[in-house]
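A short worksheet on the structure shown next.
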Amino acid sequence: MSRIEDVLDKEQAGVGVEQFIQSLKRVFPYISAMVNNGSLSYDHERDGRPTELGGCTAIVRNLHYDTFLVIRYVKRHLTIMMDIDGKHEWRDCIEVPGVRLPRGYYFGTSSITGDLSDNHDVISLKLFELTVERTPEEERLHRDVFLPSVDNMKLPEMTAPLPPLSGLALFLIVFFSLVFSVFAIVIGIILYNKWQEQSRKRFY
């Protein structure tokens, strides 16, 4: 199986259920969501807190009945609900507006474990295409999304690496650096000599 860091470091949206306690700042198991444009890294040591959109505690370990998770994405609105009490009742977990996801992506599941492990079975995945009425402007905006992003959340932009310096540019940088260094040394010597002259005058 792929590591969760390797999966969430790519351009995608992900929902994770963290079982193992990495820190004492939240109660585990914990559900969290993350949107990545390819420039973020999942911080496993801090349970992904620096980049998560939101989350909630979900006590899903050692239960004698099935638990359910619903991920709903409609008109840039991401909602996650859970049924973990065996009562067939949905509880809100995460609600994030302004989520922009491109078309043509795939659904998948993955997991990672360390020295301590549990057995969790994914019984089924049910996918539904929701019928949503959009205005022509909304349809155009939805079609023009090429990278995952979230409104009002600054994701680092993917920037191309700077081209290497040419030989002429490198020569000019070295030349002017030397000129500046010589100039600074000369000014320092002049100021030092003046300071010495003033010091000698004080003794006469």
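The values are calculated or read from the model by the stated rules, or taken from the named source; none is laboratory data. Please read all numbers here as calculations on a predicted model, not as lab measurements. In this analysis, Cβ positions are derived from the backbone assuming ideal geometry, glycine residues included, and neighbour counts consider all displayed protein chains. In case anyone asks, the SASA skips ligands and DNA or RNA and just uses the protein heavy atoms, side chains included. Shrake-Rupley method; radii C 1.70, N 1.55, O 1.52, S 1.80 Å.
Taking the criterion of being over 10 Å from the mean Cα position of the chain (by Cα) and open to solvent by less than 30 Å² (accessible area, probe 1.4 Å), the residues of segment 33-54 that qualify are Ala33, Asp47, Gly54.
Is it the case that Phe28 is open to solvent by 40 Å² or more (accessible area, probe 1.4 Å) and aromatic (Phe, Trp, Tyr)?
For Phe28, the condition - open to solvent by 40 Å² or more (accessible area, probe 1.4 Å) and aromatic (Phe, Trp, Tyr) - is not met.
Beta carbons closer than 7 Å, at least 6 apart along the sequence or on distinct chains, pair a first residue in segment 124-138 that is under 28 Å from Asp66 (Cα atoms) and modelled with pLDDT of 85 or more with a second that is of a type in the set (A, V, I, L, M, F, W, C) and open to solvent by 100 Å² or more (accessible area, probe 1.4 Å) for Leu125/Phe107; Leu127/Phe107. The set of residues from segment 77-95 being part of a strand (DSSP E or B) and either touching a residue at least 24 places away in the same chain (Cβ under 8 Å) or open to solvent by 100 Å² or more (accessible area, probe 1.4 Å) (or both) comprises Leu78, Ile80, Met82, Asp92, Cys93, Ile94, Glu95. Taking the conditions exactly as written (out of contact with any helix residue (DSSP H, G or I) (no Cβ under 9 Å at 6 or more places or on another chain), under 30 Å from Gly14 (Cα atoms) and either at pLDDT below 85 or in a helix (DSSP H, G or I) (or both)), does Leu172 satisfy them or not? No. Inspection of segment 115-124 identifies no residue that is under 24 Å from Ser149 (Cα atoms), of a type outside the set (Gly, Ala, Ser) and either open to solvent by 90 Å² or more (accessible area, probe 1.4 Å) or assigned to a loop (DSSP other than H, G, I, E, B) (or both).
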